[in-house]
Amino acid sequence: MRERLKEKMKLAALEKELSKESFSKKASKKNGHKAKKRRSRDSTSSDSDDSSSTSSDTYSDSSSEEERQKRKKRSHKKKKKSSSTPRRSPSRRNHKKSARDQEMLNLARRIREADERAVLLAVLKEVSFEISGEDVEIINAIVDSLPRFAKFLTKNELNSRLENVTLSFDPRRSIFALSRKLDAKLPEAFIVVRWFRRILEEKLRSCLEASVSLDPNDDFQQQSYSEMAISLSSLPDRIANCRLTATSSEDADDVNDCIRSFEDVVVTSLKSTLSKAHEDLGRADVVNLRTIAQIIMVSRNLRLSGNSTLLSTIFHWLCSQTPSDPKWDRVSQRIFTDEGYGIREFEAMVVGLVLEAENSDQLMRVFGYSIQKSPTLQRICTKKLLFQRNLPVPALIALMDFIRRAAGKDVLLSVLDTTISIWSGAAFVKYTPSEQQKHISRVFLLVIRMISESKFEIDWSLKMVQVISGVQTRMESADTMIRQSGMFIGEKLSGLAEKNLEAKNDDKKRLKFDYEEDGWTKEMRRLYEENLQESKEAEKMEEEPQPSTSYSTLPEKLKDVKIDQSRQLDSDDDEDFPVYEVPEEERRFVKGTDGKEPERRGPPPNYISDAFERLLEKEKYEIFEASLNALESMIKRKALGFSNIARQLATRLIFLDDSFGTPNFEETRKKCTVGCCVQMPQIVPDLVNLMFSSDCNMSRRYLILECVHTAAKELADFGATPTKIVKNDVQNIPEWRKIVDERIKSKTKRFGANNQSGAANLKVNRLGEVSKYFFYPLLVHSTGEHLSLRGKDSTLFARVIFVAADIFQNSGMVASSPRMASKLIEYTASLRYHDDAWVRVSVLYAHWAIVETLNREVFLAIFGDRINDWAIWAISVVENVDSEEGERKIAAPFAAALLAKSKEQGE
């Protein structure tokens with residue numbers, strides 16, 4: 001036992017000594033090795049004595065060993081690091097770059113702060129040596145300081161010093177920055193116009209060609225090209241605006257030269273870049289056409305000198321390249337199938353391409369088989385263009401042939417089903433304009449012809465069953481064109497169905513009609529039976545003006561004309577020219593005021609969906625005004641597609657802003673909103689919910705309430721001409737019917753039976769059938785903290801009660817009137833003595849409307865026990881000296897009406 005204690009004491013002393021040596025900074029390496037040997041020797045001797053003590057000592061030795069090894073490694077790393085050459089830190093690596101950025105910022109600040117000519121010249125001289133193409137701060141500082149440059153520098157100095165500086169920048173930066181200074185009201189705008197001309201002529205082509213090799217993953221560079229493309233799209237209009245404020249012929253000539261140079265350079269640069277992309281395709285690692293696609297898409301409507309657009313020019317140029325070259329197909333499809341710049345822009349570009357196409361080969365070049373992969377392109381080609389627009393016949397034939405070649409069987413059969421559903425609808429036959437009727441008939445003929453020629457397996461007899469209702473409806477029409485369409489299409493479709501019936505051994509025969517061979521019938525026959533190419537050529541020949549017979553026979557008539565040779569004619573003789581009198585209105589030249597642009601009128605939209613989209617126009621006021629003014633007539637006749645967008649259209653009209661100062665804007669907007677509520681009463685609850693929501697301000701709440709009230713009045717048909725109902729012709733009534741009518745007449749008591757006029761004047765109240773959409777949403781609603789109807793917003797509350805009461809009265813006595821009256825009384829019962837006088841007036845009017853509207857039996861059954869209470873209330877309002885004048889004006893007739901009802905009850 002004593003020996004064990006001695007051994008433990010020795011080990012403890014040894015461990016203490018080792019710990020001192022390990023933490024001592026002056027311990028040598030040799031002493032460390034000796035201590036290690038001593039510790040291992042002592043530990044082996046202790047292991048032979050006691051296993052328990054050995055395990056604890058070994059744990060302490062191993063921990064000390066691990067700690068010493070870690071310290072050794074750290075000291076070794078320090079020595080290695082101190083012996084090697086020190087590396088430059090990240091801050092030192094970017095020191096040069098940050099120093100240059102700081103230097104450019106200082107130069108930009110000095111340009112903005114320069115207020116003397118000498119200082120400005122010195123800074124510009126320094127800029128000309130230090131500048132590089134990517135210095136954005138410098139170009140922005142120069143653009144912002146142009147008004148000050150015009151004060152300190154002469155015109156020659158501006159052209160010689162600043163123009164060269166701007167040319168040294170990257171055109172992406174300079175075009176984007178300088179476009180901000182193309183304001184016609186600024187005097188330095190003409191200086192920028194001259195700079196633009198040189199930048200476009202010298203830099204644009206190389207810049208666009210460089211975009212082809214741009215890395216698509218470099219978002220920073222791609223964004224700079226995108227900004228340049230957007231600036232180029234608005235550049236011609238900005239430059240043309242400067243022509244209005246030109247004070248000299250030199251400035252006007254500079255503007256015209258810049259516009260012509262822009263048109264030529266852009267087209268030439270795009271063609272050169274596309275040619276370079278064609279050469280690099282398959283050879284270079286990267287062929288990036290996103291910038292070219294964006295320029296063509298956003299600048300597609302740019303008018304060129306030849307009265308053509310940029311889209312038309314590039315489209316026909318690409319189609320004129322080698323037809324069998326697949327590289328040109330790939331280049332064209334990568335440009336015209338890029339949907340990354342907005343669905344609206346893409347749709348407009350596709351529509352423009354289809355209108356420009358002459359045959360399906362051109363559409364195959366620009367779209368290829370993308371219609372199978374792109375739902376957007378498929379929707380535009382098979383829905384919007386076919387059923388929402390009236391396409392010219394050549395464009396329609398090219399589109400249908402393209403769908404047949406590229407889309408496949410399923411899409412073509414889907415087009416057939418949609419055409420049948422539209423063409424066979426009774427509403428379509430009765431209310432659709434003739435041009436749209438012809439267009440859908442052309443689509444029908446082309447699609448059934450293409451399906452039959454492609455020999456797809458389809459049950460034509462089943463399709464004939466679906467179409468027969470449309471044929472019957474068209475046969476009943478008074479329009480010759482509609483009847484001819486029904487007869488011709490029904491005859492051709494029954495011919496196709498006959499083949500299926502023969503295969504099934506059915507005895508049904510095909511339809512045959514006798515119709516006139518007019519121009520429309522010849523066109524339908526040509527579309528269905530002749531070659532498509534011949535049909536297009538014949539259509540073009542019909543559109544070309546033919547010479548009249550008088551000019552064609554003119555040479556024969558000239559043979560008998562005798563010319564008087566005795567008279568010598570002088571080309572300058574005034575007698576040879578007719579006298580032209582200038583109208584008085586042309587003699588008076590009215591000069592426009594400064595800053596006022598001449599009025600422009602845009603073409604009205606053909607479809608309500610186009611008008612709905614063009615309400616978002618922010619730049620061209622003529623497009624916005626044409627769409628807004630055309631909406632009212634489209635809504636009244638419930639144009640095709642109105643029911644699908646009625647809710648969105650009414651909401652957009654409520655939140656529409658008068659951004660262009662449109663004449664009669666508020667009146668037109670209100671009429672359109674009221675028309676939406678009249679034609680589609682189902683949207684009124686949504687508008688009322690919007691009125692009580694936090695998305696509306698107070699002015700829009702009153703606008704919604706006024707539109708709902710006006711729509712209810714229109715549906716009530718107040719002020720309309722009574723409907724005249726004339727008795728049926730007696731000769732056309734069967735004999736048995738006369739006998740039955742005489743018996744009924746003799747046993748029936750009628751008021752006004754002695755009226756022998758033969759006509760009755762009636763008015764149809766359409767509000768009664770749809771009153772639930774107008775009445776209940778006003779009374780059943782929920783508001784949050786943003787609206788306090790019984791408190792600070794009581795004026796709106798009073799107006800809501802008044803409108804609800806007026807709608808109830810205008811609805812008349814209908815089946816739902818008792819329930820509506822009970823709801824109105826329940827809603828207003830606690831508001832008789834409200835603090836706001838307008839609320840009290842509205843409550844009185846609501847009670848008065850109920851008394852006047854309900855008939856005696858219904859009123860006494862529901863409110864008979866409340867007549868005395870209401871009468872006392874009305875009389876107290878009339879006699880109270882504190883009552884408002886408006887309250888007395890309504891309380892007096894209300895009390896008189898109650899008195900009349902009570903007398904009827906007593907009787």
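Here, each number is a calculation from the coordinates, and none is a lab measurement. None of the values given here were measured: they were computed from a predicted structure. Virtual Cβ from ideal backbone geometry, glycine too; neighbours counted across all protein chains shown.
Computed 3J(HN,Hα) for the range 239-254, one whole-Hz value per residue from the Karplus formula 6.51 cos²θ - 1.76 cosθ + 1.60 where θ = phi - 60°, is 5, 5, 5, 5, 5, 5, 9, 5, 9, 9, 5, 5, 5, 5, 5, 5, glycine and proline marked x.
Round to the nearest 0.05 the FRET efficiency obtained for Lys889 and Thr268 when R0 = 56 Å and r is the Cβ-Cβ distance.
My answer for the efficiency is 0.10.
Annotation: amide H-H contacts under 5 Å for Gly602 (H modelled 1.01 Å from N, sequence separation of 5 or more, or interchain): Ala626.
Rounded, prolate or oblate: pick one for the range 231-378, where a ≥ b ≥ c are the square roots of the eigenvalues of its C-alpha gyration tensor, a/c under 1.5 means rounded, and failing that, prolate if a/b is larger than b/c, else oblate.
Values: a/c = 2.23, a/b = 1.83, b/c = 1.21.
In terms of gyration-tensor shape, prolate.
Distant-in-sequence amide contacts of Lys620, defined by a placed amide H-H separation under 5 Å and a gap of 5 or more residues or a different chain, comprise nothing.
Starting from 0.36 nm per residue, how many nanometres of slack lie between Arg832 and Met9 once their C-alpha separation is accounted for? Before the final figure, lay out each step's value.
Details: separation 823, 0.36 × 823 = 296.28 nm, distance 10.38 nm.
That works out to 285.9 nm of additional length.
Spin-label model, Arg652/Ala478: points 7 Å from Cα along the beta carbon direction are separated by 3.6 nm. Phi angles across the range 800-805 convert, under the Karplus curve 6.51 cos²θ - 1.76 cosθ + 1.60 with θ = phi - 60°, into 3J(HN,Hα) values of 4, 5, 4, 5, 5, 5 Hz, Gly and Pro given as x.
What FRET efficiency would be calculated for the residue pair Tyr702, Arg303, taking the C-beta separation as r and a Förster radius of 41 Å, to the nearest 0.05? All intermediate terms of the calculation are to be shown ahead of the outcome.
Working: r = 44 Å, r/R0 = 1.07.
After rounding, the FRET efficiency stands at 0.40.
Each of Asp865 and Asp793 was given a label point 7 Å from its Cα along the Cα-to-Cβ line. The distance between the two points is 3.6 nm.
Once you have the Cα-Cα distance between Ala150 and Val858, take 0.36 nm times their residue separation minus that, and quote the gain in nm to one decimal. Write down the numbers at each step before the final one.
Working: separation 708, 0.36 × 708 = 254.88 nm, distance 8.54 nm.
Contour length minus the Cα-Cα distance gives 246.3 nm.
Report the gain in length on full extension from Ala896 to Glu632: 0.36 nm times residue separation, minus Cα-Cα distance, nm rounded to one decimal. Computed gain between Ala896 and Glu632 is 90.7 nm. The simple Förster model, with R0 at 51 Å and r as the Cβ-Cβ distance, assigns Leu167 and Ala427 a FRET efficiency of 0.20. In this simple spin-label model, placing a label point 7 Å from the Cα along the Cα-to-Cβ direction at both Glu137 and Arg180 gives a separation of 1.5 nm.
Computed from backbone phi with θ = phi - 60° and the Karplus coefficients 6.51, -1.76 and 1.60, the 3J(HN,Hα) list for the range 171-178 is x, 4, 6, 5, 5, 5, 6, 6 Hz; x is used for glycine and proline.
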